[in-house]
Amino acid sequence: MERSNETLVREFTFLGFSSLAGLQRLLFIAFLPLYLFTLGTNAIIISTIVLDRALHTPMYFFLAVLSCSETCYTFVIVPKMLVDLLAQKKTISFLGCAIQMFTFLFLGCSHSFLLAAMGYDRYVAICNPLRYTELMGHRVCVGLVAAACACGFTIAQIITSLVFHLPFRSSNQLHHFFCDISPVLKVASLHTHLSQIVIIVLCALVLVTPLLLILVSYIHIISAIVQFPSTLGRYKAFSTCASHLIVVTIHYGCASFVYLRLRSPSSSSQDALISVSYTVLTPLFNPLIYSLRNKEFRSALRRAVGRTISLPQR
């Protein structure tokens, strides 16, 4: 038993950007300001929503939670990636890899269910405007967020346990830049069909179930909007849903491409490139799509900045 234990993998080596060895410093220079911009914009969104009472509505409550989730989501992956772009030894401990995978999956799965909750919020706002305050009270909003987090936590715990209970004795080289499911499974010494089937089913459940809920919401939303007598009313209703639809398309498009084809023979570099899009670029675009182009939010931001500037003068 002691000899067997000595051969167990104790750390993993990331090879995600090994084919771009000469460009890693340039990648660091490119990714660092993007990451800082993402942190800054999300901090602005959260603080503005908290400080301005006009934004204390269900829609902006979900948006603040989404911004907080994305800040944590990028913090789990991007800082380590930036350090590895400058480091000679790009390693992570076995326990660190398990923690990174669990946290990433927890936040990612919660994100999917949170987008479904935001779709339901838009459905109630457009299809039941007179009962909106009643149906989307504070307790309901908190309950939806808690349910999204509970689903994300449960699924992340199951998948992480299934992956890291496999034996790792042969290779410790991950062709990726963080501990994602597929690259970790590829270096496991032994696979069980049952565990692979459960992981694929759970990934499909996380992606398909919220997406179906969003589609049902938008079927009702569109059928309600087309009956609006005013063209301006239809335009305003569609514009309030456009941002959510763009984010949903980006999120589920990238995630489905990666996680619904775990046993696909596609290249690891291709998966790493797609992963950059949803770990670096998508969190960058979401604040721009959701908030900074929103007139109501921009007005609230100006009020918050004005109050902040006027305070020292008093």
Original post:
Which condition does P79 not pass, out of (1) more than 21 Å from the chain's Cα centre (by Cα); (2) free of Cβ contacts under 8 Å to residues at least 60 places away in the same chain; (3) open to solvent by less than 70 Å² (accessible area, probe 1.4 Å), if it passes all the others?
Top reply: (1)
Original post:
From the set of residues in the stretch 216-235 that are assigned to a helix (DSSP H, G or I) and loosely packed, with under 13 Cβ neighbours inside 10 Å, which is modelled with the highest pLDDT?
Top reply: I219
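Condition check ((1) open to solvent by less than 20 Å² (accessible area, probe 1.4 Å); (2) in a helix (DSSP H, G or I); (3) modelled with pLDDT under 75; (4) not charged (D, E, K, R)) across all residues:
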position	(1), (2), (3), (4)
T249	no, yes, no, yes
P265	no, no, yes, yes
Q270	no, yes, yes, yes
T282	yes, yes, no, yes
S299	no, yes, no, yes
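Given L194, L202, which one is within 25 Å of I250 (Cβ to Cβ) and assigned to a helix (DSSP H, G or I)?
Exactly one of L194, L202 is within 25 Å of I250 (Cβ to Cβ) and assigned to a helix (DSSP H, G or I), namely L202.
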Original post:
Taking T48 and the conditions (1) open to solvent by 20 Å² or more (accessible area, probe 1.4 Å); (2) closer than 30 Å to A242 by Cβ; (3) hydroxyl-bearing (S, T, Y), which numbered condition does it fall short on, given that it satisfies the others?
Top reply: (1)
**OP:** Could you tell me which numbered condition A117 fails, if it satisfies all but one of (1) in a helix (DSSP H, G or I); (2) within 23 Å of the chain's Cα centre (by Cα); (3) more than 30 Å from I222 (Cβ to Cβ)?
**Re:** (3)
Original post:
(1) surrounded by 13 or more Cβ atoms within 10 Å (Cβ to Cβ); (2) touching a residue at least 40 places away in the same chain (Cβ under 8 Å); (3) of a type in the set (A, V, I, L, M): which one isn't true of A54, the others all being true?
Top reply: (1)
Original post:
If the Cβ limit is 6 Å and pairs must be 6+ apart or interchain, which residue in the stretch 14-29 that is of a type in the set (S, T, N, Q) pairs with which residue that is assigned to a loop (DSSP other than H, G, I, E, B)?
Top reply: Q24/F17
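The values are calculated or read from the model by the stated rules, or taken from the named source; none is laboratory data. Computed from a predicted model, the values in this text were never measured in an experiment. Note that each Cβ is placed from the backbone with ideal geometry, even for glycine, and that neighbours are counted across all protein chains shown. In case anyone asks, the SASA skips ligands and DNA or RNA and just uses the protein heavy atoms, side chains included. Shrake-Rupley method; radii C 1.70, N 1.55, O 1.52, S 1.80 Å.
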